[in-house]
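Everything on this sheet refers to the single structure shown next.
Nothing in this text is a laboratory measurement; each read-out follows from the coordinates by a stated rule. Given the structure is predicted, the values throughout are model-derived calculations rather than measurements. All Cβ positions, glycine included, derive from the backbone under ideal geometry; neighbour counts span all protein chains shown.
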Amino acid sequence: MESGAAGPVAQEVLAAVDKSVCNIPDNVLAKVDAKLHNAGFHPIATIKERIVAALPAETVVVDALSPVVSTAANFDSLGFPADHVSRSKSDTYYINSETVLRTHTSAHQVELMRAGHRQYAVFGDVYRRDEIDASHYPVFHQAEGVQLFDKEQLAATHDLGSEAAIGAWLEADLKGSLLKVVESVFPGELEVRWNEDYFPFTHPSWELEVLYNDAWLETLGCGIIHPDVLTRGLGADAAKRSVGWAYGLGLDRLAMILFNIPDVRLFWSTDERFHNQFTSRELVQFKPYSKYPPSYRDVSFWLPAGDGAYHVNDFYELARTIGGDLIEDVALIDEFTHPKTGLVSHCFRINYRSHDETLTNEFVDSLQHKLRIAVVADLGVELR
Ligand code: DAH
């Protein structure tokens with residue numbers, strides 16, 4: 001990784017890098033200081049402001065915490081088991097063995113409770129290794145809300161005689177509060193449904209789905225904060241006297257839907273034809289501008305033998321490391337097991353397309369050539 005003219009978060013990452021562990025490619029490092037949720041009239045910032053406007057006035061809004069967090073904050077403090085998949089290097093960006101780019105804004109729950117906050121919403125950029133397509137990007141944005149209550153006070157003011165009554169009241173308060181937020185973000189009549197869900201840091205847990213253009217859309221996860229999380233945040237005594245609820249909500253997909261933006265990568269475009277369309281907090285409908293032509297290239301290879309030697313995310317990310325945002329799409333178009341050797345082959349089709357210019361064949365060939373060399377060197381595969 002190169003330091004270049006890196007911003008403060010990139011500097012923080014670079015200062016902590018353990019080269020033998022770090023799996024953050026340059027194109028992701030280049031995004032860590034972007035803070036689209038605080039960027040003027042960017043659609044992500046407008047969705048954030050619409051949520052903030054719907055929160056109770058007492059809510060403390062936190063939107064400038066560094067995405068560089070410890071594995072303790074991101075996973076341990078929330079009760080993720082030691083062998084949970086989301087801890088793996090194929091899912092999470094590690095800076096060193098104890099420091100990651102946060103995978104969710106829940107990473108700040110315990111820290112903010114320790115700082116004395118009882119009613120807050122934290123907005124931030126979050127990072128996950130993922131495939132490449134129009135709805136997946138390794139950087140996206142979340143809102144995380146927490147509301148704590150003193151049990152005795154709650155029982156007295158709402159006449160709640162038992163733990164069960166407190167639990168039922170909390171559930172109703174959580175669902176009512178979140179409905180208010182979602183209804184104010186989506187214009188018009190809304191049909192919603194609650195499904196039971198599972199998170200290690202809440203119990204019980206739910207997800208809220210919204211019916212939008214005839215499809216059920218998952219908008220948020222939430223639940224009653226797990227007592228162990230309260231104990232870590234408040235200390236054992238105060239935790240016994242407290243209860244609370246929490247939720248986490250993704251901003252990017254809401255922005256895509258409400259502004260009619262067909263591709264997440266447009267959020268990261270530097271093209272003025274994108275940014276000039278957003279000059280207020282209105283939910284204006286995005287007007288597509290002409291795309292430059294696509295160029296397709298295929299690559300096929302035999303995977304290394306042995307479990308865990310190769311993960312498809314490794315290929316997606318290697319492609320992104322080399323092609324950056326010039327890769328519109330990577331699709332696994334063929335998978336084949338050799339009848340004699342038992343070796344597995346993958347064939348990927350890569351769509352190279354720029355948001356800013358027409359790519360020449362020579363240039364696309366040179367990218368594809370680099371990718372072919374890199375898959376052999378970095379992934380240990382054998383080209384076919
Ligand atoms: N952190 C979860 C995620 O990224 C979302 C979430 C679920 C946050 C439940 C919460 C919660 O605070 O209570 O998928």
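Residues of the stretch 329-370 with an amide N closer than 19 Å to a point placed 7 Å from the Cα of Trp302 along the Cα-to-Cβ direction: 334-348.
Only helical runs count toward this figure. For the chain, summing -39,500 (n - 2.57) over DSSP H runs of n ≥ 4 and dividing by all residues gives -9000 deg cm²/dmol at 222 nm. Under 5 Å between amide hydrogens, which residues at least 5 positions from Ser205 or on another chain qualify, with H placed 1.01 Å from N in the peptide plane? Hits under the 5 Å cutoff: Asp197. So which of Lys31/Lys370; Lys89/Lys287; Lys35/Lys151 end up more than 31 Å apart, counting from Cα to Cα? Table pairs above 31 Å Cα-Cα are Lys89/Lys287; Lys35/Lys151. Here the stretch 124-167 was treated as a single set of alpha-carbon atoms; its pair distances binned every 10 Å from 0 give 21, 26, 13, 18, 20, 1 percent. Backbone amide hydrogens, once placed in the peptide plane, bring Val62 within less than 5 Å of Ala121, Val122, Phe123, excluding anything fewer than 5 places away on its chain. Which ³J(HN,Hα) values, rounded to whole Hz and listed in residue order, are derived for the stretch 179-184 from phi using the Karplus coefficients 6.51, -1.76 and 1.60 in 6.51 cos²θ - 1.76 cosθ + 1.60 with θ = phi - 60°, glycine and proline given as x? Karplus values, whole Hz, x for Gly and Pro: 4, 4, 5, 5, 5, 7. As a proxy for reagent exposure, Leu379, Leu332, Leu234 were ordered by neighbouring Cβ count within 10 angstrom, fewest first; the result is Leu332, Leu379, Leu234. Using the Cβ-Cβ distance between Asp18 and Asn38 with R0 set to 41 Å, the FRET efficiency from 1/(1 + (r/R0)^6) comes to roughly 0.90. For the stretch 153-253, the Kirkwood radius over C-alpha pairs fed into Stokes-Einstein at 25 °C and 0.890 mPa s yields D = 165 µm² per second.
Taking amide H as placed 1.01 Å from N in the peptide plane, Leu220 has its amide H under 5 Å from the amide H of Leu208, each at least 5 places away in sequence or on another chain.
Between the stretch 279-294 and the stretch 104-129, the alpha-carbon centres lie 32 Å apart. Dipole magnitude for the chain: about 380 debye, using +1 per Lys or Arg Cβ and -1 per Asp or Glu Cβ, origin at the Cα centre. Here the residues Glu171, Glu328, Glu191, ranked from fewest to most Cβ neighbours within 10 Å of their Cβ, fall in the order Glu191, Glu171, Glu328. Normalised by residue count, the chain yields a Cα convex hull volume of 167 Å³ per residue. Comparing Asp365, Asp325, Asp314 in a Gaussian network model of the chain, where Cα atoms under 10 Å apart are tied by springs, the biggest mean-square fluctuation is seen for Asp365. Specify which residue in the list Tyr247, Leu178, His369 is farthest towards the positive end of the charge dipole of the chain, using unit charges on the beta carbon of Lys, Arg (+1) and Asp, Glu (-1), about the Cα centre. The residue sitting farthest along the positive end of the dipole is His369. Given 37 °C and 0.692 mPa s, compute D for the stretch 63-194 with the Stokes-Einstein relation, Rh being the Kirkwood radius over Cα pairs; round to the nearest whole µm²/s. The estimated diffusion coefficient comes to 189 µm²/s. Computed over the chain with a Gaussian network model linking Cα atoms closer than 10 Å, the most mobile of Leu326, Leu258, Leu211 is Leu211. Annotation for the stretch 44-94 versus the stretch 312-384: alpha-carbon center distance of 31 Å. The distance between label points at Ala215 and Ala54 comes to 2.0 nm (points 7 Å beyond Cα on the Cα→Cβ vector).
Counting every other Cβ atom within 10 Å of each residue's Cβ, Cys222, Cys22, Cys347 order from fewest to most as Cys347, Cys22, Cys222. Positive end of the dipole of the stretch 116-256 (Cβ unit charges, origin at the Cα centre): among Phe149, Gly223, Phe123, the Cα lying farthest that way belongs to Phe149.
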